[in-house]
Amino acid sequence: EIDYKLCLPKATILEGRLTDLQIETILYACAQHEKFLPQYEDDDGTPFRAGFFIGDGTGVGKGRQVAGLVFENYLRGRKKALWITTSTDLIDDARRDLRDIG
């Protein structure tokens, strides 16, 4: 059971900027981001947050999912994000997705 409450603007959801499946992924991922890994911490003792792997197939909208995750975490005060891809062509898509959802 997920008890995470999204901070995404109502317009992002009500205007269909994200699909229901994309929102579901964001909920699960953000619930994971609320958890800390007690056995891992950085040099000043701050524990690392748990991660979430998105392994959906082509056409699901992984870019939108990641953009939603970045935006949600940003709204919660977590200003750092690491977005890894094998394609340098996706930077424009990533910028578009971030702009479109917020």
>> Between helix 20-33 and the chain, what is the angle of the helix's C-alpha long axis to the longest principal axis, kept within 0 to 90° and rounded to the nearest 10?
In response: 10 degrees
> Mind ordering 13-21, 52-60, 88-96, 27-35 by average Cβ neighbours within 10 Å, highest first?
Replying inline: 27-35, 13-21, 88-96, 52-60
>> If you fit an axis through the alpha-carbon atoms of helix 62-75 and take the longest principal axis of the Cα set of the chain, what angle between them do you get, 0 to 90°, nearest 10?
In response: 60 degrees
> What is the set of long-range amide H partners of F48 at a cut-off below 5 Å, with H atoms built 1.01 Å from backbone N?
Replying inline: L37, Y40, E41, D42
> For the Cα atoms of the chain, what angle does the longest principal axis make with the long axis of helix 90-101, in degrees from 0 to 90, nearest 10?
Replying inline: 80 degrees
>> Computing the accessible area with a 1.4 Å probe over protein heavy atoms, can you report the carbon and sulfur percentage for the chain?
In response: 54 percent
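The values are calculated or read from the model by the stated rules, or taken from the named source; none is laboratory data. Keep in mind that what you see is a predicted model, and the values were worked out from it rather than measured. Note that we place each Cβ from the backbone using ideal geometry, even for glycine, and neighbour counts take in every protein chain shown. The area values use the complete protein model at the heavy-atom level, side chains included, leaving out ligands, DNA and RNA. Shrake-Rupley method; radii C 1.70, N 1.55, O 1.52, S 1.80 Å.
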